Amino acid sequence: MDRPLPIAVVVAAALATGLTGCKDQAKESAARAARDVATTAQLVDKDVGEIERGLPEGAKLLSALLADGADPRQDMAGVRKALLRVRRDVVDLLVAKSTFFALADPSGVAIRNDLEEDVMAGQNLVAVFPVLSRARDGYVTGTGTFPGPPSKNGPDVDWVAGMPVRRADGTTGALLVTGWSYRYFARHLQEVYKTRLLEESKAAGYEGKLPVYYVAVFDRTGAYPAPMTPIVDEQALASDDLVAKTAGGPFEGTLTITDRAFGVAAARTPRLAPDTGVVILRSD
């Protein structure tokens, strides 16, 4: 007759089995996250492409504001109407993820944006986004941070794109500027990801059963996830040195955050900005 194993041995074996199971599950989640982050990186390219194609078309339409030597600063309401019309009439800008469109003078001082409440007017945008100093000559993109206290979601990074608005003689009479914040953009990416997960769960026959997941944009300054992401998860991503880990290509690994095992996958998105990418945390 076999002797029963001591309780300590049974407990140790159970713990080992549990840890192994968690580790294996995290690896599976990481493999799925790696597939998902590749698709998300393609979405980033698509979103940036909408701006690349749409902004030149928008700038052409806005050239009417400069006709016959007109000064857009003398007609703020007209500028806003023109910006709203540009977003409506240029297909790529209609679907773009921009949170604002603004007209600035050739030196980069904002004249008016398309929002009802404009806190941008009068700001020297070049001081915040030095890359816009080159927008007089053609399309540019870059990052910075608008002045003011951080939002309730924490510090953020703002991405902008700029394009010259030409006078009839070909000289630059204004700049068309648009952009979004990384946290806002991460929310958009996460919402698209959620839709994809819902479709997959329905197709697999377990509709509504989703993993725990978070999406963030990262660069050398940190990680910027969608709102409502737990701060511990944001801190874990920020300290994971994702820029270094993706230097040679996409990264796939595991993380344990507050006793929960996650798969993590990250990929660079150079079309958005240098040393910038997207990361997905997933726990099935």
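The values are calculated or read from the model by the stated rules, or taken from the named source; none is laboratory data. Here the structure is a predicted model, which is why all the values come from computation and not from measurement. Glycine also receives a Cβ, built like all others from the backbone with ideal geometry; neighbour counts cover every protein chain displayed.
In region 49-66, the residues that are more than 11 Å from Arg166 (Cα to Cα) form Cβ pairs under 6 Å with partners that are part of a helix (DSSP H, G or I), at six or more places apart or across chains, as follows: Glu50/Asp92; Arg53/Asp92; Gly54/Asp92; Gly54/Leu93; Gly58/Val86; Gly58/Leu93. Within region 185-207, the set of residues being touching a residue at least 40 places away in the same chain (Cβ under 8 Å), over 15 Å from Arg32 (Cβ atoms) and not hydrophobic (A, V, I, L, M, F, W, C) comprises Arg187, His188.
The set of residues in region 242-284 that are of a type in the set (D, E, K, R) and either in a strand (DSSP E or B) or modelled with pLDDT of 95 or more (or both) comprises Lys245, Glu252, Arg260, Arg268, Arg271, Asp275, Arg282.
Only one entry of Phe262, Phe218 meets the criterion of being within 25 Å of Ser98 (Cα to Cα) and in contact with a Leu (Cβ under 6 Å, 6 or more places away or on another chain), and that entry is Phe218. Is it true that Val232 is modelled with pLDDT of 95 or more, surrounded by fewer than 16 Cβ atoms within 10 Å (Cβ to Cβ) and not basic (Lys, Arg)? When the stated conditions are applied, Val232 passes them. Hey, any hits in region 169-181 for a residue that's of a type outside the set (Asp, Glu), farther than 28 Å from Ala266 by Cα and free of Cβ contacts under 8 Å to residues at least 24 places away in the same chain? So far as region 169-181 goes, yes, one or more of its residues are of a type outside the set (Asp, Glu), farther than 28 Å from Ala266 by Cα and free of Cβ contacts under 8 Å to residues at least 24 places away in the same chain. Going through region 164-203 one residue at a time, which ones are closer than 14 Å to Leu66 by Cβ and among the hydrophobic types (A, V, I, L, M, F, W, C)? Result: Val165, Ala168, Ala174, Leu175, Leu176.
Filtering region 38-48 to residues that are touching a residue at least 24 places away in the same chain (Cβ under 8 Å) and not polar (S, T, N, Q) leaves Ala38, Ala41, Leu43, Val44, Asp45, Asp47, Val48. Screening Ala203 against (1) closer than 21 Å to Leu43 by Cα; (2) over 13 Å from the mean Cα position of the chain (by Cα); (3) among the small types (Gly, Ala, Ser) leaves a single unmet condition, (1).
Give the residue that is farthest from Asp45 (Cα to Cα), with candidates limited to residues of region 257-272 that are of a type outside the set (D, E, K, R) and surrounded by fewer than 20 Cβ atoms within 10 Å (Cβ to Cβ). Checked region 257-272; the qualifying residue farthest from Asp45 (Cα to Cα) is Thr258.
Residues checked against (1) modelled with pLDDT under 95; (2) surrounded by 14 or more Cβ atoms within 10 Å (Cβ to Cβ); (3) not aliphatic (A, V, I, L, M):
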| position | (1), (2), (3) |
| --- | --- |
| Ala14 | yes, no, no |
| Gln25 | yes, yes, yes |
| Ser63 | no, yes, yes |
| Arg80 | no, yes, yes |
| Val95 | no, no, no |
